[in-house]
Amino acid sequence: MSLRRYEREFVETPGTQFQDLRGLRVYDQENRLLGTISAVMVDTTSKETVYAEVASPSILGLGNRRQMVRRDRLHHNARGLRLKGRR
């Protein structure tokens with residue numbers, strides 16, 4: 001599997017499974033904010049979103065943490081996305 005990271009650029013992939021999640025908020029099982037999706041990793045063959053990079057909230061970029069989360073662990077809810085399962 002070959003992956004490509006999309007952070008800032010516009011991605012146009014008509015007729016594929018690509019889902020642009022950038023900017024959506026991610027919450028844990030207790031509805032606590034984990035962060036915002038800052039980038040996505042897309043499989044270059046199938047054009048499916050495989051991973052999302054979640055950036056934790058920070059003040060002026062200080063203490064900013066980023067973690068990769070598999071797309072299948074994120075589910076839409078009324079506030080954004082919810083992380084299911086264990087970390």
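Does segment 37-48 include one or more residues that are in a strand (DSSP E or B), of a type outside the set (A, V, I, L, M, F, W, C) and at pLDDT 85 or above?
From segment 37-48, those in a strand (DSSP E or B) are 37-43; that's our starting set.
If we keep only those that are of a type outside the set (A, V, I, L, M, F, W, C) too, we end up with 38, 43.
Adding the requirement that they be at pLDDT 85 or above leaves 38, 43.
Yes: one or more hits.
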Tell me which residues, restricted to segment 41-57, are in contact with a helix residue (DSSP H, G or I) (Cβ under 9 Å, 6 or more places away or on another chain), in contact (Cβ under 8 Å) with a residue 40 or more places away in the chain and hydroxyl-bearing (Ser, Thr, Tyr).
-> 51
Tally of residues being within 14 Å of residue 39 (Cβ to Cβ) and modelled with pLDDT under 85 across segment 66-87 | 0
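The values are calculated or read from the model by the stated rules, or taken from the named source; none is laboratory data. Every value quoted in this text rests on a predicted model; they were computed, and no experiment measured them. Glycine gets a Cβ as well: all are built from the backbone with ideal geometry, and neighbour counts include every protein chain shown.
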